[in-house]
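Okay, structure first, notes after.
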Amino acid sequence: MSKSFDERTHVMERALCPICGYAPDRATRAMGKGNRPPQKDDISVCFGCGAVLQFNADLTLRSMNFMEFSKLTPYQRRLIGEAQRWIKEHPITRRETKH
Ligand SMILES: [Zn+2]
């Protein structure tokens, strides 16, 4: 029990938001069973700006385009909306970013 965050959270080394430049240092799995690291095409919401992103195979991040967004399930959209609302209500301070 010495982990500093829960086991659904994975350390990120290469991810960078293509919209705002925020560099997340970890990713937490929000849906799906079990515990696995992020993988290609997993959806992510930027903690800095709330942009909807997707992982590339090398775990860098890219913007999700409209066609991809339109294929999301209502449940996925609701989770994304809740995450974006939370991010908006809890803005990160400059000190928490790596810039
Ligand atoms: Zn961002």
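We did not get these values from a lab; they are worked out from the coordinates using the rules stated. Keep in mind the model is a prediction, meaning the values are calculated, not measured. Counting neighbours? That spans all protein chains shown, and the Cβs are built from the backbone with ideal geometry, glycine included.
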- [ ] Given the options 32, 48, 81, state which has the largest fluctuation in a GNM of the chain using a 10 Å cut-off (strictly under) for Cα springs.
- [x] 32
TODO: In a Gaussian network model over the chain where Cα atoms closer than 10 Å are linked, find which of 60, 28, 73 has the largest mean-square fluctuation.
DONE: 73
- [ ] Hey, can you grab everything whose amide H is under 5 Å from the amide H of residue 28? Only 5+ residues off in sequence or another chain; H modelled, so Pro and N-termini drop out.
- [x] 10
TODO: Return the single residue from 74, 37, 24 with maximal mean-square fluctuation; model: Gaussian network over the chain, springs between Cα atoms under 10 Å.
DONE: 74
Open item on the list: I want to check the label-to-label distance for residue 63 and residue 92. Put each point 7 Å from Cα in the C-beta direction and report it in nm to one decimal.
Closed with: 1.9
- [ ] Find, among the GluC sites (Glu not before Pro) in the stretch 1-74, those assigned to loop by DSSP (not H, G, I, E, B) with at most 12 other beta-carbon atoms within 10 angstrom.
- [x] 7, 13
TODO: Decide, for the chain, between rounded, prolate and oblate: order the square roots of the alpha carbon gyration tensor eigenvalues as a ≥ b ≥ c, take rounded if a/c falls under 1.5, and otherwise choose prolate if a/b is larger than b/c, else oblate.
DONE: rounded
TODO: Would you order 79, 61 from fewest to most other beta-carbon atoms within 10 Å of each residue's own beta-carbon?
DONE: 79, 61
Open item on the list: Using helices alone, I'd like the mean residue ellipticity at 222 nm for the chain: each DSSP H run of four-plus residues gives -39500 (n - 2.57), total over residue count, nearest 500.
Closed with: -6500 deg cm²/dmol
